[in-house]
Structures are given as structure tokens and as C-alpha cells.
Amino acid sequence: MSAKNHPSDSSLPRRDFLKFTGLAALAGTGLGLPEEAPATDFEFRHHWPDRLLWKMVRRAFVLERDTVYMNIGTTGSMPRPVLAAYARYNRLVAADPWDMGGEWGPWPYMSGLVETVAPQFGADAHELVLTRNTTDGMCTVLGGLNLQPGDEILTTHHEHVAALSPLAVLAQRQGVTVRQLEIPVFPDSEDEYVDVFRNAVSPATRLIVFSHITYKTGAMLPAQRICQEVAIPNGIPTLIDGAHTVGMVDLDFHAIDCDFYAGSGHKWQCGPGATGILYVRDNMTRLQDFWPDRDPPFFAINSSLYPYRRFFGWQTVLQYVGHDNYPAKRALVDACRMWEAIGRERIERRVQSLSALCKEAIRDTFGAQATLFSPELPGTTSGLTAFNPFSDLTDGTTLTTFRDRLREEYGYIIRTTDFHVALADPEVHALRISTHLFHDEDDVLGLVEAMWDLFQDMR
Ligand SMILES: Cc1ncc(COP(=O)(O)O)c(C=O)c1O
């Protein structure tokens, strides 16, 4: 059995279709890009019914048709209009490295882009930095905070190396204590996540770091509650790893009320590689209130503008890290504009609905013998689904073979993760599936059918 083909015809008027997919810029140009393509145009009909909408969205992607790519959690895929625009921006910069065609505005060239994109995430323009990726944002914050020996950082036992690596440096170099708290894998209520942090806070706690959606199981943590009920009342700043939310979830940083939030542009947001965003709340004024004993509370060692931070403000300081990849950042903003045109809330609903279908189909097909690690409690679900069909959850070799055969023999591309359910327990392994806006119900059901078929062969 192979992955199903994508549909190839459209009931949309040609003009609408070309506009939506950005193909208008390419029409009639044969191989490639026109010398002078217009700015990317995402004119979109909000009255389009869901079926038509998702069909057209699907056609905006150039993903290979003989496989189904379901590992957006690692990286996404640029849609056609973004690809086309990115190529044009690269060409512009190559042709005119000094002025870049005058299309990025005045120095430091990112202001217009940030003004476009910040409101989409519930942020002000002076709070949003266009970074390289989540790792970049996490390292910028963890490397910048003025932490000292004896300070304590609370985090979870399901963090990515993007957090763990800079945290390990802080422990070794600065003498900071990093406590990896055990978060529940099978929670009965959202309160359990909040209580993990509430019960661990001490006078030494200087920072709380956690993933909004963990990459291990796809659990969505109640970020706003952790900030508002635990961190803020205790005067503790928060740094959230949002690698999996940007482009999947309709985010509002002001509502979450965190101090720092690092996310990826290249994963669920489907921007170019090495793009991301970093939210820095209100020029770190609250950080100064929380940390009156640290002067300065924050350093930016890789910024060319750090000595002038009071003059420029933190957005400009953190944005100006040597020379930038201006085409990539601009193409990321185009991807964000496309998401806005579709509707971020509508995208989130679609991702959640495909993910719910995936979980339901796994339960119906595999029954009680499979372990579903992703929580299904409302508010804790995401577009990631982690499960293991085999009875020996510690057998990573079999699961790796399963993942590879699923790709080679059935055409479905997913990944595996490993983690401890309880800290004291042995490590277990899971298959991790990403469902996104370019998938449909047939992709999800086809995947589950393929996994069941393969499981019969391997059990
Ligand atoms: C939770 C989490 N944080 C950070 C990262 C790193 O993301 P990036 O490649 O954007 O730095 C990943 C990547 O998979 C992740 O899953």
C-alpha cells in the first residue's frame, strides 16, 4: 500500500486559485521566477467552506506526492508563495547587497516586518525579535540572564536540548541549580501541571522554563496559568519553549503573560529554515522589578548594540546580531501573512481536529494493547500524537525499525521520541505523528491503517 495521492483538480475560478497559491507570480514563466514578481498576495475568500479551503491550502504545498510528510514537529515545508517570494528576495539581495532594492525599509531593516507580524502573536512591535530558531531564542535568554551561584531554575523532565544544553552550561559555569520537575504524562486535570511548579517554588527560584507543547508526547501545558498563578505572584520570570506552537496555535503573548517566549518559524509556521521568533515582554521592565538585586539583569553578548541598549530598546538590540538573513526573515513574515489570510484560529481548529481523529483512530484500531502517551484532556492536546503499539515500551530498536519500514514500505514519514514517564522509571519510546493544515482525513486514516498493517507483520 502506498500513501494516497493529493487531488489535482480545482473547482475554484482560476484567478482566485492563482492568487491564493501565489502562482499568479509564476504563471507563464516556465521554469522559474520572473525577474519582477509582485509582492506576495494572499487574497483569500473567508466565506470558503472548510472542504474547499483545506483542499486549496493543500495544493499550495510542494511536498512530494508519493509520501505523506508527518514530521512537522522537526521541520515544516514552505508553501509555494513563500518559496517564490523567498527566491525573489534572495535574488534582490544578491543583485543589490547594499540597498536590497530598498524593499526592507531603513536600517535596521526589520522594523516593518516586525510591525506586521507582532500583532499576529498578541505582541507589540518592540517585543518581537526575528531569530534563527527556538534554540537561538532559548540560548539568547538563558545566556543573557544575570544568574549567579545558588540560584535555582525550575524546568520539567520533558524538555528539549534547546533548553537543556544552555541550562547545563549555567549549572556548570555559574553554579546554578537546575531542577527537572516530573510533569504528569497521563494527567487527570490541568491543575496537575500547575501544581508541579507551585509545589516546587522556593526563595532560591529565579526562573521557570518549560515547553508550551512538549516534543516528547505533544502535551500542551497551561502556560497562562503557570505564569499567572505561580510565576508572577512569586516574582519569578518565565521562559517558554514554543517550538511547536508558532503556526499551530493561535497565540497571544500578552494574555499568556510570560517574560520570554522562543519559537520556531520553520516548523508549524512553514517559513524558511533557520527562522524563528523571540518574544521579550515590554523591554524587560518586569524583569527589573523581579530582580532588583541584579544590575544589569540581562546581557546580550552577541549583539552589536548592547552598549547602546538604553537608547535602542531590547528589540533592536536583540535583533541586531551581526549581519542578518534578510530574505529568510521576510519570507517568514510572508508565511505568517498567509496564516493570517487563512485564519490562525481556523488553522488551530483544523490541526486539533485532525489530531483528535488520529488519536481516536489509533485507539479504535489498536485497542487497549497500545499506549497513547499524548493526553486527550481538553486544553492539553496538540497536533502531535505519541504512541507505542508494542507491549515492551522500552524496546527502541523495534520502534525505530517500525518507523523506517513505515516510510520505506508505506510512504508515511513520522519520527520517534524517548522519555521517562516517571523519573525513576526506565526510558520508554514512542512514535510521534504531526498532523498539519496540509493533511486531510484520508492521510490520517491511511497512516493508522498502514501502521496497523505493519504492526501485524512485526508483532
Ligand atoms: C520542544 C523543542 N524545543 C526546541 C526545538 C529546537 O527547535 P529549532 O530547530 O527551531 O531550534 C525543538 C525541535 O524539535 C523542540 O521540539
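The values are calculated or read from the model by the stated rules, or taken from the named source; none is laboratory data. All values derive from a computational prediction rather than experimental measurement. Glycine also receives a Cβ, built like all others from the backbone with ideal geometry; neighbour counts cover every protein chain displayed.
Residue-by-condition table, conditions (1) basic (K, R); (2) surrounded by 19 or more Cβ atoms within 10 Å (Cβ to Cβ):
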| residue | (1), (2) |
| --- | --- |
| W314 | no, yes |
| L318 | no, yes |
| V333 | no, yes |
| M338 | no, yes |
| R346 | yes, no |
| Q352 | no, no |
Test L181 against the criterion of being crowded, with 23+ Cβ neighbours inside 10 Å and either of a type in the set (A, V, I, L, M) or closer than 18 Å to D259 by Cβ (or both), and give yes or no. no
Select, from A368, A328, the only residue that is over 18 Å from Y109 (Cβ atoms) and of a type outside the set (S, T, Y). A368
Scan of the stretch 71-98 for residues that are in a loop (DSSP other than H, G, I, E, B) and touching a residue at least 40 places away in the same chain (Cβ under 8 Å), ordered by number: N71, I72, G73, T74, T75, G76, S77, M78
Can you tell me which residues in the stretch 146-181 are in a loop (DSSP other than H, G, I, E, B) and within 16 Å of the ligand (Cβ to nearest atom)? H157, H158, E159, H160
Against the definition (touching a residue at least 24 places away in the same chain (Cβ under 8 Å), closer than 28 Å to R432 by Cα and charged (D, E, K, R)), how does R225 come out, yes or no? yes
Test of understanding: among G101, G105, which residue is modelled with pLDDT under 95, in contact with a helix residue (DSSP H, G or I) (Cβ under 9 Å, 6 or more places away or on another chain) and not in a helix (DSSP H, G or I)? G105
Residue check for V201: under 25 Å from G379 (Cβ atoms), assigned to a loop (DSSP other than H, G, I, E, B) and either in contact with a strand residue (DSSP E or B) (Cβ under 6 Å, 6 or more places away or on another chain) or hydrophobic (A, V, I, L, M, F, W, C) (or both): yes
Among E152, E64, E159, which is surrounded by fewer than 16 Cβ atoms within 10 Å (Cβ to Cβ) and either within 30 Å of D443 (Cα to Cα) or touching a residue at least 24 places away in the same chain (Cβ under 8 Å) (or both)? E64
Take the residues of the stretch 204-249 that are more than 16 Å from the ligand (Cβ to nearest atom) and not in a helix (DSSP H, G or I): which is nearest to N388 (Cα to Cα)? P222
Test G379 against the stated conditions and say whether it is surrounded by fewer than 20 Cβ atoms within 10 Å (Cβ to Cβ), assigned to a helix (DSSP H, G or I) and of a type in the set (G, A, S). no
Would you call G73 touching a strand residue (DSSP E or B) at 6+ places or on another chain (Cβ under 9 Å) and not assigned by TED's automatic domain parsing to the domain that holds I213? yes
Any residue at all in the stretch 120-139 that's away from the ligand (no atom under 16 Å from the Cβ), part of a helix (DSSP H, G or I) and farther than 24 Å from L221 by Cβ? yes
By residue number, the members of the stretch 137-169 that are among the charged types (D, E, K, R) and closer than 20 Å to A386 by Cβ are E159
